[in-house]
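First comes the structure, then the notes that go with it.
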Amino acid sequence: MNGGESTGHMPYRWDQLNKLQLGAYAEYFVKMEFTMYGFQVYTSEVDDRGIDFVCRHERGPFYEIQVKSCRGAGYVFVQKDKFDLRDELVLALVRFEEGKEPELSLIPSLAWRTPDGLLVDHDYEGLKSKPEWGINLSQRNLPLLSRYNFGERIKAMIDPP
């Protein structure tokens, strides 16, 4: 090693990316994680139906993936008219915390059938906002996100019950 070189890597500086760049990074990151687990990833040219890509492991089922990202805690949502609850639909959530690697969670769409503090259902009847499925990423709810850990959820997708 030459003088002055460091052995570690640069810290993650998510604050350097604007919202569009962060979203693009999240989408590519999720695609590459699926690829690392042996999935074939098929990207659609137009994202007009709320699906960012489709993937499949060997001869298993095809999964439709919607990618969402956020910085730290907060609220993330998908409109119900673009995210109908069914077996093959999964929301991939990428959380970015300054100085840390991205944290990836896979939430099966059917999980919204039983909302809890983390997963919420908003119909907004009589209001201008469209009905949505939400993820309430408050500090109190963050521990609930661990059940959707990528490493555990991907195993279930590779070898479905």
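Brief remarks on what is shown
- Cα-Cα separations in segment 14-141 greater than 24 Å, expressed as whole percent: 30
- For the residue pairs Lys19/Lys130; Lys82/Lys128; Lys19/Lys155, the alpha carbons lie more than 25 Å apart in Lys19/Lys155.
- On Cα atoms only, tilt of 19-36 relative to the major axis of the chain in degrees: 90
- From most to least packed by mean Cβ count within 10 Å, the peptides 108-117, 84-93 give 84-93, 108-117.
- The shape of segment 118-161 can be summarised by an equivalent ellipsoid whose semi-axes, obtained from the alpha carbon gyration tensor, come to 29, 15, 6 Å from longest to shortest.
- Here segment 62-109 and segment 119-156 have alpha carbon centers that stand 8 Å from each other.
- In the chain, Cα pairs under 8 Å separated by at least six residues give a relative contact order of 19 percent.
FYI, it's all coordinate maths here, none of it is from the lab. Worth saying up front: this structure is predicted, and the values here are computed from it rather than measured. Note: ideal-geometry Cβ built from the backbone for every residue, glycine included; neighbour counts use all protein chains shown.
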